[in-house]
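The values are calculated or read from the model by the stated rules, or taken from the named source; none is laboratory data. All values reported here derive from a predicted model rather than from experimental measurement. For neighbour counting, all protein chains shown are included, and Cβ atoms are generated from backbone atoms with ideal geometry for every residue, glycine included. For the accessible areas, the whole protein counts, side chains as well, though only heavy atoms, and no ligand, DNA or RNA atoms are used. Shrake-Rupley method; radii C 1.70, N 1.55, O 1.52, S 1.80 Å.
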Amino acid sequence: MDVLAVALDDCRTPRLRPLPQEVAELLRDLGAPPRLVAHLRAVHEVAGQLLDWVAEHCPALELDRGAVLFGAATHDIGKVRHPAELSGPGSAHEPAGRDLLLEHGVSAELARFAAGHATWDAPGTRAEDLLVSLADKVWKNKRVPDLEDRVVAELCRVGGRPGWEEFLALDELLTRIGDGADERLAYQAAHPVLG
Ligand SMILES: [Fe+2]
């Protein structure tokens with residue numbers, strides 16, 4: 001299975017925007033497993049949907065859109081070095097992903113998502129980090145109240161609306177995104193774990 005094709009080809013069912021070109025080329029150069037590339041593409045799509053919603057719903061929340069998309073597209077890249085974590089538990093891929101990106105000339109600012117996507121309560125966690133973590137959950141319709149509360153807090157902080165209103169608005173969005181989970185899961189499962 002051609003890595004670049006998995007990363008970039010038009011995909012309508014489910015609708016998945018292509019990965020950033022530089023990420024697609026890095027995944028090809030690394031010989032990334034198709035299952036991983038498919039996963040990154042699904043999470044990247046959902047991150048894009050979250051960004052589009054924030055831009056419309058709460059434009060006061062300034063986000064580095066490129067960083068969120070890059071972070072979503074690379075968050076699990078460390079699984080190239082820890083392929084057992086593609087189908088089983090483990091967190092060795094988190095620091096490994098950051099190191100791998102740094103070795104390939106990616107800035108620490110962008111490489112941080114690979115190390116931090118599974119934690120959202122560390123000091124210095126930004127709205128961009130929350131969105132990458134959230135995308136990595138809701139792509140498969142997994143709901144994490146603590147993480148969602150932090151996103152609501154960010155929306156309230158800058159938008160001035162009450163918490164209950166932001167909570168309902170976010171819940172409606174995540175329910176809608178979650179409705180596409182079965183298609184995304186089937187898409188990911190159709191790609192082999194081994195190249
Ligand atoms: Fe992931």
The lone exception for residue 121 - which of (1) assigned to a helix (DSSP H, G or I); (2) more than 16 Å from the ligand (Cβ to nearest atom); (3) under 29 Å from residue 58 (Cβ atoms) it fails: (1)
Working only within the stretch 62-82, note down all residues that are assigned to a loop (DSSP other than H, G, I, E, B) and open to solvent by 20 Å² or more (accessible area, probe 1.4 Å). 62, 63, 64, 81, 82
Check residue 24 against each of (1) open to solvent by less than 40 Å² (accessible area, probe 1.4 Å); (2) more than 15 Å from the ligand (Cβ to nearest atom); (3) touching a residue at least 40 places away in the same chain (Cβ under 8 Å); (4) in a helix (DSSP H, G or I) and name the one condition it does not meet. (3)
Looking at (1) touching a residue at least 40 places away in the same chain (Cβ under 8 Å); (2) buried (at least 19 other Cβ atoms within 10 Å of the Cβ), can you tell me which one residue 140 breaks? (2)
Are any residues in the stretch 42-57 without any contact (Cβ under 8 Å) to a residue 60 or more places away in the chain and open to solvent by less than 40 Å² (accessible area, probe 1.4 Å), and if so, which ones? 48
Looking only at the stretch 69-88, count every residue that is within 13 Å of the ligand (Cβ to nearest atom) and more than 17 Å from the chain's Cα centre (by Cα) and tell me the total. 2
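Given the criteria part of a loop (DSSP other than H, G, I, E, B), surrounded by fewer than 17 Cβ atoms within 10 Å (Cβ to Cβ) and either away from the ligand (no atom under 14 Å from the Cβ) or not acidic (Asp, Glu) (or both), does residue 109 qualify?
For residue 109, the condition - part of a loop (DSSP other than H, G, I, E, B), surrounded by fewer than 17 Cβ atoms within 10 Å (Cβ to Cβ) and either away from the ligand (no atom under 14 Å from the Cβ) or not acidic (Asp, Glu) (or both) - is not met.
Would you check if there is a residue in the stretch 97-117 being within 18 Å of residue 35 (Cα to Cα) and touching a Lys or Arg at 6+ places or on another chain (Cβ under 6 Å)?
Within the stretch 97-117, one or more residues are within 18 Å of residue 35 (Cα to Cα) and touching a Lys or Arg at 6+ places or on another chain (Cβ under 6 Å).
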